[in-house]
1. Only helical DSSP H runs with n ≥ 4 go in: add -39500 (n - 2.57) per run for the chain, normalise by residue count and round the 222 nm mean residue ellipticity to 500 deg cm²/dmol.
2. Taking Lys65 as the anchor, which lysines have their alpha carbon closer than 26 Å to its alpha carbon, excluding any fewer than eight residues away along the same chain?
3. With θ set to phi - 60°, apply the Karplus curve 6.51 cos²θ - 1.76 cosθ + 1.60 along the range 316-332 and write out the HN-Hα couplings as whole Hz, x wherever there is a Gly or Pro.
4. Determine, for Tyr46, Tyr131, Tyr61, the number of other Cβ atoms within 10 Å of each Cβ, and report the residues in order from fewest to most.
5. Return the sequence-ordered ³J(HN,Hα) values of the range 275-288 in whole Hz as given by the Karplus equation 6.51 cos²θ - 1.76 cosθ + 1.60 applied to θ = phi - 60°, using x for Gly and Pro.
6. What is the order of Leu208, Leu21, fewest Cβ neighbours within 10 Å to most?
7. Show me the ranking of peptides 247-256, 278-287 by mean Cβ neighbours inside 10 Å, starting with the highest.
8. Report the label-to-label distance for Ala59 and Ala31 in nanometres (one decimal), using points 7 Å from each Cα along the Cα→Cβ vector.
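Bear in mind these aren't lab numbers, they're just calculated from the coordinates by the rules spelled out. Only a predicted model underlies this, so the values are computations on that prediction, with no experimental measurement involved. Positions of Cβ are generated from backbone atoms using ideal geometry, with glycine treated the same way; all protein chains shown enter the neighbour counts.
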Amino acid sequence: SREIRLAARPHGAPTLDDFALAEVELPDPAAGQVVVRNRWISVDPYMRGRMSEAASYAAPYEVGKAMLGGAVGEVVASGDERFAPGDVVLHGLGWRDLALVPADHAVAIDASRVPEQAYLGILGMPGLTAYAGLVEVAPVREGDVVFVSAAAGAVGSAVGQIARQLGASRVIGSAGGPEKVRHVVEDLGFDGALDYRRGKVRRQLRELAPDGIDVYFDNVGGEHLEAAIGALRLHGRIAICGMISQYNATEPPPGPRNLIRLIQTRGTIRGMLVSDHDHLRAPFVRDVGGWLADGRLRYRETVVEGLDAAPQAFLDLLDGRNVGKMLVRIGE
Ligand code: NDP
């Protein structure tokens, strides 16, 4: 089998030289293990953090070892009575074509009503992130104006649409480039979207939400966060989900200069980690599964073919070349 290893820790933006493709001999599964042929592997922004040495909520990847990440595949050999060949499972040993997975870490998925790879996107970690952020971290209330950055991405596209279902009266997104802005408004039904590459976020946000915003779901940090604080209304709420504009930074950038507005607005800014919200999984599956089934929620994928292309897919994700969830499909 083949796996992608971390070859070197990036300083600043990662490059293809930081990854290496390696051949490995996979043993037969022992008791309590299954062998999974991965069909879909996920590349996600948090992986940039794990390529670095600094300790964070997820342990750093080890140089010279295979990288880890979400994957969906088919069980091809099983040493555990809970799984049989042919079962489709979600697990955490992505970045390889064949994976020897502890059965305790594999979850059987039901792909009868949605494509199996949805469990890496809208019905998986990114979808739950959006849901938990709006239900618990920066709760959306009836009539709220909601702003979300990276609005054409996996999490952001779900945030805007879920916010609407939870009662938001107006949903505004930010994305890079006219095609994404068009997609967010026309395909996903946002009320407005700004192109942050075209001009100041602050000015564009003021045009789209002249009376301010109640909730900001932050995927980006930096200028977006400052603009959102500037637009916050009384008792406004900000969920800090991601700060992708800073993941390649070699020095911590200066913080928002306008935190003083939190006094006037009595606003809250709260960080979040999706893994703290596992208790929401049942209502999440019920609500988001239901909205998908009746067409009230839509999602896109950007699919790259072949394990060899996974490192480039990851670099492209950080560069914003994806619309919706970025995925790598591995053929037979
Ligand atoms: P996306 O599908 O949104 O892909 C990343 C997007 O980020 C790109 O498409 C790009 O879109 C945008 N981007 C990249 N650089 C910049 C920049 N400098 N300024 C503004 N936008 C930029 O990824 P995900 O949906 O998987 O993740 C979105 C965010 O959510 C990330 O910050 C991620 O780390 C975070 N996250 C946090 C979790 C948590 O538990 N806290 C869980 C899951 C995700 P564009 O072309 O519009 O610039």
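1. Theoretical 222 nm ellipticity from helices: -6000 deg cm²/dmol.
2. Straight-line reach from Lys65, under 26 Å: Lys325.
3. 5, 4, 5, 8, x, 7, 9, 10, x, 6, 8, 9, 10, 9, 10, x, 5
4. Arranged by neighbour count, lowest to highest, Tyr46, Tyr131, Tyr61 become Tyr46, Tyr61, Tyr131.
5. 5, 6, 10, 4, 5, 8, 4, 5, x, 4, 5, 4, 5, 5
6. If I rank by nearby Cβ atoms, fewest first, I get Leu21, Leu208.
7. 278-287, 247-256
8. Using points 7 Å along Cα→Cβ, the separation is 2.5 nm.
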